[in-house]
Ligand SMILES: [Zn+2]
Ligand SMILES: [Zn+2]
């Protein structure tokens with residue numbers, strides 16, 4: 001693994017000479033090599049801290065509640081969710097990572113996830129990180145799936161294998177921004193297919209960029225459980241806050 005990380009650093013250095021790395025917050029070039037973010041921009045980033053929902057990991061405004069308002073109403077299929085950043089503080093960055101090819105941001109996010117959640121995530125002893133798959137046509141159009149890019153960076157940092165061969169998105173779902181929870185669930189029916197009957201995994205971490213209602217992760221978690229996976233966790237880069 002060490003030689004793999006060294007090889008990656010050499011590769012990364014070579015790439016950075018041709019395409020200088022951009023700051024995940026302001027998108028301007030970051031120098032010198034090895035810096036992943038401007039120190040002034042680092043101060044603008046807000047992490048998930050304080051009381052969080054015991055189920056989905058969303059920050060909650062009072063610490064006498066154990067669960068957020070959503071998780072008190074809905075049963076989730078995953079065991080527990082973790083998230084590193086408050087969505088509002090990195091929303092522009094997530095947009096560029098997702099739609100504008102800024103895959104390099106993933107290295108910064110992986111480093112921060114290791115710092116904030118590394119020991120917790122390692123203690124789960126997950127067999128694999130599973131990025132939320134994108135419908136193939138959509139991925140071909142975009143050129144990459146940001147969940148895969150993030151998963152690879154995080155998997156490399158935490159030394160957890162990334163598996164993209166276990167589950168496939170077999171249907172293009174309509175954008176879910178305007179849908180409520182029940183409509184989202186309906187929209188996701190039969191959206192995924194397991195590749196083979198025997199997944200041979202006991203514990204997985206599903207990875208996505210943003211956590212909103214958790215519907216996509218839930219649908220995947222439901223399928224993993226049906227396939228015999230014992231423990232299903234969720235890891236997302238950013239999460240909103242309940243009111
Ligand atoms: Zn910056
Ligand atoms: Zn919750």
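The values are calculated or read from the model by the stated rules, or taken from the named source; none is laboratory data. These numbers were taken from a predicted model, which means no experiment stands behind them. Cβ sites come from the backbone with ideal geometry, for glycine too, and all protein chains shown count toward neighbours.
Here is a list: 67, 33. Which entry is surrounded by 12 or more Cβ atoms within 10 Å (Cβ to Cβ) and within 16 Å of ligand 2 (Cβ to nearest atom)?
67
Among the residues of the stretch 74-90, which ones are in contact (Cβ under 8 Å) with a residue 12 or more places away in the chain and either within 15 Å of ligand 1 (Cβ to nearest atom) or more than 20 Å from residue 117 (Cα to Cα) (or both)?
Within the stretch 74-90, the subset in contact (Cβ under 8 Å) with a residue 12 or more places away in the chain is 74, 76-90.
Of everything in the stretch 74-90, those that are in contact (Cβ under 8 Å) with a residue 12 or more places away in the chain and either within 15 Å of ligand 1 (Cβ to nearest atom) or more than 20 Å from residue 117 (Cα to Cα) (or both) turn out to be 74, 76, 77, 89, 90.
Residue 237 meets each of the listed conditions (1) within 18 Å of residue 128 (Cα to Cα); (2) modelled with pLDDT under 95; (3) buried (at least 20 other Cβ atoms within 10 Å of the Cβ) apart from (2). Within the stretch 40-62, one or more residues are over 24 Å from the mean Cα position of the chain (by Cα), under 23 Å from residue 92 (Cβ atoms) and modelled with pLDDT of 90 or more.
All of 29, 37, 25 fail the test of being at pLDDT 90 or above, over 27 Å from residue 120 (Cα atoms) and within 15 Å of ligand 1 (Cβ to nearest atom), apart from 29. Kindly list the number of the only condition in (1) outside any helix (DSSP H, G or I); (2) closer than 24 Å to residue 159 by Cβ that fails for residue 76. So residue 76 meets the others, but not (2). Mind checking which residues of the stretch 79-97 are within 23 Å of residue 35 (Cβ to Cβ) and part of a helix (DSSP H, G or I)? Of everything in the stretch 79-97, those that are within 23 Å of residue 35 (Cβ to Cβ) and part of a helix (DSSP H, G or I) turn out to be 89, 90, 91, 92, 93, 94, 95, 96, 97.
Of the residues that sit in the stretch 42-59 and are more than 21 Å from residue 153 (Cα to Cα) and surrounded by fewer than 17 Cβ atoms within 10 Å (Cβ to Cβ), which one is farthest from ligand 2 (Cβ to nearest atom)?
43
Being in contact with a helix residue (DSSP H, G or I) (Cβ under 8 Å, 6 or more places away or on another chain) and either assigned by TED's automatic domain parsing to the domain that holds residue 151 or within 16 Å of ligand 2 (Cβ to nearest atom) (or both) narrows it down to one of 88, 75, 96, 22, so name that one.
Numbers: 88 fails: in contact with a helix residue (DSSP H, G or I) (Cβ under 8 Å, 6 or more places away or on another chain); 75 fails: in contact with a helix residue (DSSP H, G or I) (Cβ under 8 Å, 6 or more places away or on another chain); 22 fails: either assigned by TED's automatic domain parsing to the domain that holds residue 151 or within 16 Å of ligand 2 (Cβ to nearest atom) (or both).
Going through 88, 75, 96, 22 in turn, the sole match is 96.
Here is a yes/no grid of residues against (1) in contact with a strand residue (DSSP E or B) (Cβ under 8 Å, 6 or more places away or on another chain); (2) assigned to a loop (DSSP other than H, G, I, E, B); (3) modelled with pLDDT of 95 or more; (4) buried (at least 16 other Cβ atoms within 10 Å of the Cβ):
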residue	(1), (2), (3), (4)
137	no, no, no, no
140	no, no, no, no
149	no, no, yes, yes
152	yes, no, yes, yes
155	yes, no, yes, yes
174	no, yes, no, no
179	no, yes, no, yes
184	no, no, no, yes
